[in-house]
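Please read the structure below before turning to the comments.
Values quoted throughout were computed directly from the atomic coordinates according to the rules given, and no laboratory measurement underlies them. It should be emphasised that the depicted structure is a prediction, and the values quoted were computed from it without experimental measurement. For neighbour counting, all protein chains shown are included, and Cβ atoms are generated from backbone atoms with ideal geometry for every residue, glycine included.
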């Protein structure tokens with residue numbers, strides 16, 4: 001299902017994806033970082049023609065601008081030389097870091113830790129080229145090798161697999177039937193013969 005953009009008051013934006021609402025998003029750079037984090041940079045990630053006319057007029061250009069910020073961030077994150085930033089001349093490393101942190105603050109608190117763990121792994125080793133953690137919010141830091149993240153992901157995958165597995169009724173093994181005594185023909189209940197000359201009434 002495509003993600004949805006909605007206009008809020010004071011020129012803010014709400015992004016809804018996977019039943020999670022990310023808001024308020026205050027500028028195109030923050031939205032771009034969020035598109036990068038949620039893997040929504042492709043043009044088919046949003047059904048723009050399905051938007052209301054007023055939203056298309058305001059959010060269409062904002063979405064296109066946000067994609068450019070997201071692509072700048074993606075290019076930097078995917079660089080091979082981890083010691084050197086790969087950003088346009090007008091963009092400083094602190095700018096890119098601020099975009100990421102603004103995007104993280106738009107995530108609902110109940111989802112924020114999981115979002116930050118996953119985004120930190122996507123940002124890779126030393127994303128800001130100076131040893132700082134990938135994300136630092138309210139004295140909580142998130143890095144690529146955050147302790148407990150792998151265990152949490154494995155547990156969630158196992159729970160999802162168990163929930164999707166079909167419920168099967170227990171099947172008795174063949175050995176359970178081998179020792180069962182055979183039915184004795186003498187134990188069968190006698191069947192009474194009809195008393196009307198062999199004709200039976202289907203109504204009785």
18 Å cut-off, amide nitrogen to a point 7 angstrom out along residue 50 Cα→Cβ, residues in segment 1-33: 1-7, 14-22
Listed peptides 28-34, 87-93 by packing density, highest first (mean Cβ within 10 Å): 28-34, 87-93
Cα gyration tensor shape for segment 14-102, rounded if a/c is under 1.5, else prolate or oblate: prolate
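Assuming a ≥ b ≥ c are the square roots of the Cα gyration tensor eigenvalues, decide whether segment 4-164 counts as rounded (a/c under 1.5), prolate (otherwise, with a/b larger than b/c) or oblate.
oblate
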Whole-Å distance, taken between Cα centres, linking segment 6-35 and segment 36-54: 12 Å
